[in-house]
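What follows is a single structure, written as structure tokens, with notes after it.
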Amino acid sequence: MTHERGSAAHTAPVASARAHLRACVAAAIAGVVLLVGCAGDGGGVADGVRLSPLATEGRWFVDAEGRVVQLRGVNEVYKSPPYYPAADGFGRDDARFLARHGFNTVRLGVTFGALMPEPGRIDSSYIDGLATSVADITEEGMYVLFDFHQDGYAPKYNGNGFPDWMAIDDGLENPRDAVFPLYYIQNPAMQRAWESFWANRPGPGGAGLQDRFIAGLTAVVERFSDEPGVLGYEAINEPFPGADWGACITAEGCAEVEQERLAPFARRVEAAVREVTPSQGIWVEPFVLFNFGQGPTSLTGTGGDALLAVHSYALDAAGEAGVVDNAVAAAERDDKPVLVTEFGASAEPALLDRLADGLDRGMLPWLFWAYNENIMSGRSSDASLQLVNDPDAFRALVRPYPKALAGVPRSFSYDADTRTFDLRYVTTRADGKRDTGEMESVIFVPALIYGNGYEADVAGGRVTSGPCAQDVTIVNDRDVAEVTVRVTPATDTERDCAGDGE
């Protein structure tokens, strides 16, 4: 394939346990089974770990067997016409490359201005373009999370996402030199446009702005509701409150503004999605100011199916820790998983190591920003290690992690300097049942990092995979309450596992 790249306890997860059961039965009848990982070769979707419909159990994602699953992935959002990643050269080779290196999820950008270029008119050819990438990603054994993306609301504010016809700003000042990211606080017209959206003000044709958004969202859900590899839909990337944003950057957060504007919108999104699918996931984000780690969020609350998605773009290590702490606090408060759908936006290995270390500390699933901007851009041949933008930065993201655990993690960490991975988990599953020693846990151990092999020391279980396997499988010993795993580089330097990583 030739590329010309620009610069730039539920089925996928999340309704009720009953909906999860229905989805699993439907998948079994349809004979649909997705594959991810590889138990013996690192080749993506060959024989090995099967990617099952996911559910939620407490603060964890779980597969059909009840194993706790960690999502690791990337963003692929194309912000130039025609606004779908396949047009930027993202294809099957990219999905295969990502799967081979342990990633299992792609957050796929949807530009609303391309989806509904005119009031009320859905461009079905745009959805067809998205469908190409969905097929490429899922056929390589990875999940898709749709991201209704925006930065700066609309093109008229030097932004992207919504079409200009949805920008109702009452003629307020629109400074042309206000650009990302400060335009949120520098541009009164953009702030009014956000306020108009939260108020569902009528736009061209008389329909409310949120009504138009719900109609576009519904069109995407209707197209992909039967796709078992589609996790679900994230409504509005990095929303902004409007002119009264100040409280959202304080230690107390802005729960009152969230509950006035975001929470009702989230309920509308949830109701619309549930009209179409009983089980695909729904994610909502707090206001973009959460990303700095200064204060908590009141979203999503304990009611309903919607889950919380957060981003980490703090200005220092203390803020980064704040994002993790606030995300974990929300997960524990609501007894729901929290997914970090953006972090990084960098090719600095030290920064990426620090960020990933913090997310591991919180045991938070994550999706890196962004594949097309920071990992693989400006190329004209199939994806490969030789073509990544920065090999050291990519290595910082390709790290060991627990793909699926027959139990619940208590901690896991990776030391990039010594290439030591430590994991501790209990054998009581997220649903409270005890593993009987029949299920396999799967730990991803990348050949990219352990080119000369590794040693896996397990207490409370036994390794059942072969040498050089990127997916290390472990069966718990019967009647043990806890399992610990340590992975270190092999002392036998004659071993050659590097070929499994590429």
Response to the item:
Looking only at aspartates and glutamates whose Cα falls under 17 Å of residue 156's and that sit 8 or more positions away or on another chain, we get 118, 164, 169, 170, 173, 177, 195
Item to complete: Could you list 185, 474, 214 in order of exposure, starting from the residue whose Cβ has the fewest other Cβ atoms within 10 Å?
Response: 185, 214, 474
Item to complete: Please name which of 401, 288, 135 has its Cα lying farthest along the dipole of region 17-401 towards the positive end, using unit charges on Cβ (Lys, Arg +1; Asp, Glu -1) and the Cα centre as origin.
Response: 135
Worksheet item: Hey, if you put +1 on the Cβ of every Lys and Arg and -1 on every Asp and Glu Cβ in region 17-401, which of 217, 66, 175 ends up farthest toward the positive end of that dipole?
Response: 66
Item to complete: Can you grab the distance from the C-alpha centre of region 108-174 to the C-alpha centre of region 189-239, Å, no decimals?
Response: 9 Å
Discussion item. If each DSSP helix of 4+ residues adds -39,500 (n - 2.57) and the sum is divided by the residues in the chain, what number results at 222 nm, nearest 500 deg cm²/dmol?
Written reply: -7500 deg cm²/dmol
Item to complete: Using just the alpha carbons, could you tell me how many Å³ per residue the convex hull of the chain encloses?
Response: 132 Å³
Worksheet item: When the dipole is taken about the Cα centre of the chain, and only Lys, Arg (+1) and Asp, Glu (-1) are charged at their Cβ, what size is it in debye, to the nearest 20?
Response: 840 debye
Worksheet item: What order do you get for 105, 138 when you list them from fewest to most C-beta neighbours inside 10 Å?
Response: 138, 105
Discussion item. Give the residue list of GluC sites (Glu not before Pro) in region 74-164 that are DSSP loop and have at most 10 other beta-carbon atoms within 10 angstrom.
Written reply: none
Item to complete: Treat the count of other C-beta atoms within 10 Å as a stand-in for reagent exposure and order 180, 224 from fewest to most.
Response: 180, 224
Discussion item. Please report the net charge: other residues with Cβ closer than 13 Å to the Cβ of residue 434, K and R +1, D and E -1.
Written reply: -3
Fill in: Within straight-line cross-link reach of residue 403, lysines at Cα separation under 19 Å, skipping those fewer than 8 residues along the same chain
336
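Only the coordinates and a few stated rules stand behind these numbers; no lab work does. Just so it is clear, the model here is predicted, and its values are computed rather than measured. Counting neighbours? That spans all protein chains shown, and the Cβs are built from the backbone with ideal geometry, glycine included.
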